[in-house]
Amino acid sequence: MKIAPRISVDEKVRFGKPVVTGTRVPVDLILGKLAGGMTYEEVMAEYEITREDILAVLDYAAKTLSSEEIRAVS
């Protein structure tokens, strides 16, 4: 099931985690690699995805976080 442009979930693929559509590459893996210092080019080469896929991952993550609500508990 497509949940965002270029991002989909399928309970039979990576236990239903969001992945780059048409691959088994999880969104959180791409985010972690970029956060760890890999360049777009390195990620693209290692996981056989496109720059557009990476941008879709970043867009999905940003939109997901923007709707997150955090409540302070004292």
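Close Cβ contacts (under 7 Å, 6 or more residues apart or on different chains) running from residues in segment 16-43 that are closer than 13 Å to I54 by Cβ to residues that are surrounded by 12 or more Cβ atoms within 10 Å (Cβ to Cβ) and aromatic (F, W, Y) comprise V25/Y47; V27/Y60. Residues of segment 6-22 that are part of a loop (DSSP other than H, G, I, E, B), buried (at least 17 other Cβ atoms within 10 Å of the Cβ) and of a type in the set (K, R): R6 alone.
Selection of segment 4-15 for residues being out of contact with any helix residue (DSSP H, G or I) (no Cβ under 8 Å at 6 or more places or on another chain) and touching a residue at least 12 places away in the same chain (Cβ under 8 Å) yields S8, R14. The residue that is least open to solvent (accessible area, probe 1.4 Å), among those in segment 32-72 that are of a type in the set (A, V, I, L, M, F, W, C), in a helix (DSSP H, G or I) and over 14 Å from V20 (Cα atoms), is L34.
Among residues of segment 51-70 that are of a type in the set (D, E), those with a Cβ under 7 angstrom from a residue that is modelled with pLDDT of 95 or more and surrounded by 14 or more Cβ atoms within 10 Å (Cβ to Cβ), sequence gap 6+ or separate chain, pair up as E52/R6; D53/R6; D53/V20.
The values are calculated or read from the model by the stated rules, or taken from the named source; none is laboratory data. These figures come from a predicted structure and were not determined experimentally. Glycine gets a Cβ as well: all are built from the backbone with ideal geometry, and neighbour counts include every protein chain shown. Just the protein is used for accessible areas: all its heavy atoms, side chains included, with ligands, DNA and RNA removed. Shrake-Rupley method; radii C 1.70, N 1.55, O 1.52, S 1.80 Å.
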